[in-house]
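Worksheet for the structure shown next.
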Amino acid sequence: MIHIATVHWMSDRWIDIQRGYLRRNMDRPYRTYADLEGIDPRRRDDFDVTADLGGLVHAHKLNSLADLIAERADAGDTLVFLDGDAFPVAPLGDFLEERLSRYPLAAIRRDESLGDVQPHPSFCATTVGFWLEIEGDWSRGPDWTWENALGWTVEDVGGKLLWILNERGIEWSPLLRTNAASLHPLLFGVYEHRIYHHGAGFRPVFERTDRHLAGMVPPLPASLPLEPPASPLGKLIWKIRAKAWYLTKKRGVAKREERLTRRNLELSEQVFAMIEGDEAFYERL
């Protein structure tokens, strides 16, 4: 049995799409487990099991869904984590059996995200027994960071899982992007010719690759504290300095952020329309 954990947040627009691709490409028995925060409760009937995990951050929702699955599954069953805006575009049964016969865990690794190195929860497959054995955890935080290709210190979902695997010397199988990044360097990815991940399907569409293009937000100078002084003269001087800093240092970055975010949103809607209209949309990406 394959147990699939997925999270949909504040929108049900991906539910029918994900269910349709699962139905066509999950050529082994499977069950779906979902958290549906902010979504019409009637959509619970679209999944085998739902959990009420509202208020938890994404990583902790995934951990809780894994705990829920472990209560109902055998140790040898397959556990799949799948983002709400991700789904298989080719049959998965043989692929999962072959990959998990050689590695205890296989997951998307987004090298194109300026050299991210962690297993990514958009798609990750393992066994229930292995997840319990290593006390798998999707948490992020300052204790589980890495340095990316630009030398930035990065923390993200999957950081602790990477740390666990490295600490135990466990080799895992990275699933890499196989379609061109012509629309966007990170979004709209196909991995191993069989998993599609839209990216940012439930949140503002601005990625680290966009930050690189827009430029880093300049730090506040020491002469400009976060809060203005209490005196009228001090407050006036603070406002003048803040305005000068914004116009000379930050405005260009902010404008580029706005332009890239608008462009990403336009692309996202165009690709979403492709997905709705063509089951083989991924061949055009």
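Observations on the structure shown:
- Diffusion constant of region 1-119 at 20 °C, which comes from Stokes-Einstein with the Kirkwood Cα-pair radius and 1.002 mPa s, µm²/s: 142
- Relative contact order of the chain: 16 percent, from C-alpha pairs under 8 Å at least 6 residues apart in sequence.
- Added length on full extension, which subtracts the Cα-Cα distance from 0.36 nm per residue, Asn179 to Leu224: 11.6 nm
- Of the residues Lys239, Lys160, the one with the largest accessible area comes first in the ranking Lys239, Lys160, computed with a 1.4 Å probe on protein heavy atoms.
- In degrees, nearest ten, helix 93-102 long axis to first principal axis of the chain (Cα): 80
- When you filter the GluC sites (Glu not before Pro) in region 109-171 for DSSP loop state and at most 13 other Cβ atoms inside 10 Å of their Cβ, you are left with Glu135, Glu171.
- Taken over the alpha carbons of region 48-114 as equal point scatterers, the Debye sum produces base-10 log I(q)/I(0) values at 0.20, 0.21, 0.27 Å⁻¹ of -1.11, -1.19, -1.37.
- Overall, the chain carries a charge dipole of about 1760 debye about its Cα centre when +1 sits on the Cβ of Lys and Arg and -1 on the Cβ of Asp and Glu, all other atoms neutral.
- Summarising the label geometry, the points placed 7 Å from Cα in the beta-carbon direction at Asp40 and Arg203 lie 2.6 nm from one another.
- Fraction of antiparallel bridges per DSSP, the chain only, in percent to nearest 5: 45
- GNM result for the chain, Cα springs below 10 Å: residue of Leu56, Leu82, Leu260 fluctuating most strongly: Leu56
- Computed over the Cα atoms of region 14-64, pair by distinct pair, the Kirkwood hydrodynamic radius stands at 12.1 angstrom.
- For region 158-174, 3J(HN,Hα) per residue [Karplus equation, 6.51 cos²θ - 1.76 cosθ + 1.60, θ = phi - 60°, Hz, x = Gly/Pro]: x, x, 5, 4, 4, 4, 4, 4, 5, 4, 8, x, 9, 7, 10, 9, x
- Amide H contacts of Ser173 (H built 1.01 Å from N, in plane; Pro and chain starts excluded): Leu105, Ala106, Ala107 sit under 5 Å, all sequence-distant by 5 or more or on other chains.
- Nonpolar atom fraction for region 86-178, defined as the carbon and sulfur part of the 1.4 Å probe accessible area, stands at 46 percent.
- ³J(HN,Hα) computed for each position of region 264-274 - Karplus, 6.51 cos²θ - 1.76 cosθ + 1.60, integer Hz, glycine/proline x: 5, 5, 4, 4, 4, 5, 5, 5, 4, 5, 4
- Point-to-point label distance, Leu56-Ala242, nm (Cα→Cβ direction, 7 Å offset): 3.9
- Anisotropy class of region 89-197 from Cα gyration tensor, a/c 1.5 cut: oblate
- Long-range lysine pairs (8 or more apart or interchain), the chain, Cα under 26 Å: 8
- For region 1-141, the per residue solvent-accessible surface stands at 40 Å², with DNA, RNA and ligands left out and a 1.4 Å probe.
- Relative to the longest principal axis of the Cα atoms of the chain, the long axis of helix 58-72 lies at roughly 20 degrees.
- With N as its number of residues, the chain has a Cα radius of gyration that, divided by 2.2 N^0.38 Å, comes to 1.13.
- Nearest-0.05 FRET efficiency for Lys235 and Gln270, computed from C-beta distance (R0 41 Å): 0.30
The values are calculated or read from the model by the stated rules, or taken from the named source; none is laboratory data. Keep in mind that what you see is a predicted model, and the values were worked out from it rather than measured. We place every Cβ from the backbone using ideal geometry, glycine too, and count neighbours over all the protein chains shown. Calculation scope for accessible area: heavy atoms of the full protein, side chains included, ligands and nucleic acids excluded. Shrake-Rupley method; radii C 1.70, N 1.55, O 1.52, S 1.80 Å.
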